[in-house]
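> This is the structure I have questions about; it appears just below.
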Amino acid sequence: MILIQEELEKIDMEKIFDLENITGLSENEAARILDKEGFNELPSQKKQSIFTILINILFEPMLLLLSGSGLIYLILGESNDALMLLFFVLVVVGITFYQERKSERALDALKNLSSPRALVIRNGKQRRIPGREVVKEDIMVLREGDRIPADGNVLLCSNLLVDESMLTGESLAVRKSEWDGITTPSNPGGDDTPFVYSGTLVIQGHGMAKVTGTGIHTEMGKIGKALQTITQEETLLKKETSYIVRSFATAGIILCVFVVIFYGMTRVTIEGDRAWLNGLLAGISLSMALIPEEFSVVLLIFLSMGAWRMSKMQVLTRKMPAIETLGSATVLCVDKTGTLTMNRMILSSIFTREEYYNVAQNEHLPLPEKFHELLEFANLASQVDPFDPIEKEIKTGTDKFLSNSEHVHNNWKLIREYPLSKNLLALSNVWGSNERKKHVIAAKGAPEAIIDLCHMDEVQKTELLSSVQGMADTGLRVLGVARSIFSQESLPLTQHDFKFEFIGLLGFTDPIRPSVHAAVSECYTAGMRVIMITGDFSGTARHIANQIGLKNADHIITGPELAQMSTGELQEKIKVTNIFARVVPEQKLAIVNALKANGEIVAMTGDGVNDAPALKSSHIGIAMGERGTDVARESSAIVLLNDDFSSIVEAVRLGRRIFDNLKKAISYIFSVHVPIAGLAIFPILFELPLILLPAHIAFLELIIDPACSVVFEAQKEEKNIMQRPPRDLKVKLFDRKSLTRSLFQGLNVLFFVLIVFLLSIYLGKSEDEARTITFAMLVFANLMLIITNLSLEGSILKTFNSRNRALWIVIGGGLLSLVLVLYVPFLRELFHFSILHLDDLMILVIGGIMSAAWIILVNIKLKLRKD
């Protein structure tokens, strides 16, 4: 208790609180409270176990269908086909499980696993304990640099300043006062309140506080609890692909039943009882051809690779589908503090003797002599080892401009501190100088308080306030500096008893991140609105908006104005307003919801706990990783690990590229399913030998289709991708135009492949020979479909000249696999193929040339029509 008394002896509080009687809780009392109320932890997402992840994956509808089909084949005795199909299921499960676990580990790595430490008084002694073990009624000791572990009432304090930006969005620290034993807790923010809050940071001074709330019972915990009431958005991509899968699955089941009945009734006289068994096999083959199991693989690969590519830019993707949705975002809501700005103070401008000096622009030059005294006394009015950002900047400037000069007084002794008070927003330090019986007093604080200390007349006051206003209009935070000499031995009780002389003004700025202006500009080019939401004042918000190039900077809605608006009025005014100032967390959520009600796709960035509800409610929540809280990160879909705002633009670009390429891939998948399904049903209708067996479909599904997903994913974006507006919400991923084109492509491929098949039958080829030629033709046409769908906006020649290495790997791999199944005896028998002879190859080449010629003609026609 001696240390605490020494630190707080200057505070005249003994009349209210007796330091000697502050013993805190006993260990037994703390243990009982901890057992009753639980650990001092915020609500967070529960970590998924390996078993839970596997169960969620295995209950995906598509995997259930595939697994069921494989088991049916196994029961029917087609073990090889069943094993191939089940192997494909295992591949999908493995990829999905790997990505889920990778995302979980990445999030865990982002968290600070070591619990913050807290200094408390128990049994009359100071104890350093884990922050999660702090309980209600504990006495906390607060010091510079400490993260406050719980909510509490301030019992004692000296010059205590706390950074509450995590809760309020205010970039400036707030001053604390002592609790009078009567005042009830209020919302965070504002000076001279006697309450401290969990998660906030002590940046200056020291004190003691009694814990009043822990865990979810803190202000931070209330915001975290509010997240549980917000319904998260299901991404548009997920909805659309689910609809396509359901439609295909329904069609597959209906046609499967039809084929089984038709096959059994038409061939029962020829095949006997096996007709129904063979009909069931044919029906399942058709359903396999129609069920688009590739969609789940394609979607997974695209988003997984997108997450991997974003990780290269120091961007963590917590919810992979949000990558695509980000490419469709129409509005980006940005929190100012720590997102647009660097959340640190820089000495920008100084004023003394009717003259301004721009420190920022002349930082490489020596400071003119006439400004030395101003910086000297500003440093003397600061802590020797400061933690406050402004005092740190003052010390940095002193070390830079005044080192090795008579203006630095390392041998002076600090005699007394006069802290800030409610009535006087200025502090003074009294120093013992080398001259005997002479005290030097340095004061700094709000300009109005310094004017008061200097006892200026009205004329002087008016002139100085005009200078202050001029600096404030440029977005600076202004502090005044004064000096005094006192020769008496006994120091006065208040600062007003000194005779101060005004020295000058210091102007500090919270600098904009260097990349923000260009990032905002590119957002506009890409058709995205940028809205700044902040807890700061309107003037500061307007200045920041002008610096970053925000449109309509003069249209500002403040928190109090917003509170008076109806939902409809807000939805109307938000159409032209890009700046919201002095807002509270609940209002940020209302802003996001109003934008969503207007049909906007909303991306929200933020780093504080106050941003978490809006992050979760938005379509895409983007949290800051370095400065962000766990609650904000867990509420987000994307985390910027390096807090670089420009990474958002790259994420938008990648999101648009993913959507474009995904649309091409789905168009290709639909196209290739048409001939596969046609080849499965055509022989049944016309009582011809079956062309495609389950092993053939498994070959196409397992080797070519998933590999082609990689090809489309690796395709570079179009040159104009960031010059076009975001995708309209009403435009589906697979619209009527895409459906028509894909259907036309697929029917034409089916036409050429059937011609090859019928020609083979006509020439007297055996069943295996006809199947072999037809299958090889289908594989060749499949590869050509890849090329033509990659070049929807260009020519085939450009596709061949592209640097898409995955394309050539797939083409080479597909052809090599075809050679293996045709010429390796074991594989040839498994697939019921025969060796291709010279005349067979001639048929294949002719059919391939005809198919390729059609593709070239279609592309030329489309290009001419576009031009």
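> Counting pairwise Cα distances across the range 415-502, what percent come out greater than 20 angstrom?
37
> What's log10 of I(q)/I(0) for the range 325-481 at q = 0.12 Å⁻¹, Debye sum over Cα points only, no solvent?
Values, matching the q order: -0.61.
> Also, I was wondering about something else. How large, in percent, is the carbon and sulfur part of the accessible surface of the range 476-611 at a probe radius of 1.4 Å?
Its accessible area is 51 percent carbon and sulfur atoms.
> Pop out the carbon and sulfur fraction of the accessible area of the range 139-193 as a percent, whole number, probe 1.4 Å.
49
> Working with all protein chains in place, sort Tyr762, Tyr823 by solvent-accessible area computed with a 1.4 Å probe, largest first.
Details: Tyr762 185, Tyr823 100 Å².
If we order Tyr762, Tyr823 from most to least accessible, we get Tyr762, Tyr823.
> Same structure again: So, with +1 on the Cβ of K and R and -1 on the Cβ of D and E, and no other charges, what is the size of the charge dipole of the range 113-204 about its Cα centre, to the nearest 20 debye?
580
> So how much slack lies between Ser766 and Tyr357, counting 0.36 nm per residue of separation and subtracting their Cα-Cα distance, in nm? The partial results should precede the final answer.
Details: separation 409, 0.36 × 409 = 147.24 nm, distance 9.47 nm.
Value of the extension gain: 137.8 nm.
> Related question: Amide H to amide H, which residues 5 or more places from Ser834 or on other chains are under 5 Å from it, using H placed in the peptide plane?
Thr772
> Where the accessible area of the range 312-470 is counted over protein heavy atoms with a 1.4 Å probe, how much of it, in %, is carbon and sulfur? Walk me through the intermediate numbers first.
Details: 3620 of 7380 Å².
Roughly 49 percent, rounded to a whole number.
> Next question. If we count every other residue with Cβ under 15 angstrom of Thr352's Cβ, Lys/Arg +1 and Asp/Glu -1, where does the sum land?
Computed value for this residue: -3.
> Let's test this: bin the Cα-Cα distances of the range 547-614 at 10 Å from zero up to the farthest pair and state each bin's percent.
Reading upward from the zero bin: 19, 55, 26, 0.
> Another question about this same structure. Note the full-extension length gain between Glu569 and Asn546 as 0.36 nm times their separation in residues minus their Cα-Cα distance, in nm to one decimal.
Working: separation 23, 0.36 × 23 = 8.28 nm, distance 2.60 nm.
Contour length minus Cα-Cα distance gives 5.7 nm.
> Turning to a different aspect of this structure: Where Rh is the Kirkwood radius over the Cα pairs of the range 343-426, the temperature 20 °C and the viscosity 1.002 mPa s, what D in µm²/s does Stokes-Einstein return?
It comes out at roughly 153 µm²/s.
> Hey, another quick one. Quick one: accessible area per residue over the range 354-476, 1.4 Å probe, rounded to a whole number of Å²?
54
> Residue farthest toward the positive end of the dipole of the range 432-483, with Cβ of Lys/Arg at +1 and Asp/Glu at -1: which of Leu479, His439, Leu464?
Of the options given, the answer is His439.
> While we're on this one: Once you sort the root eigenvalues of the Cα gyration tensor of the range 500-565 as a ≥ b ≥ c, which label holds: rounded (a/c under 1.5), prolate (a/b larger than b/c) or oblate (the other case)?
Cα axes put the range 500-565 in the oblate bin.
> Accessible area of Glu687, 1.4 Å probe, to the nearest 10 Å²?
So the heavy atoms of Glu687 present about 110 Å² to solvent.
The values are calculated or read from the model by the stated rules, or taken from the named source; none is laboratory data. Predicted, not measured: the structure shown is a model, and the values here were computed from it. As a convention, Cβ positions derive from the backbone with ideal geometry for all residues, glycine included, and neighbour counts pool all protein chains shown. Just the protein is used for accessible areas: all its heavy atoms, side chains included, with ligands, DNA and RNA removed. Shrake-Rupley method; radii C 1.70, N 1.55, O 1.52, S 1.80 Å.
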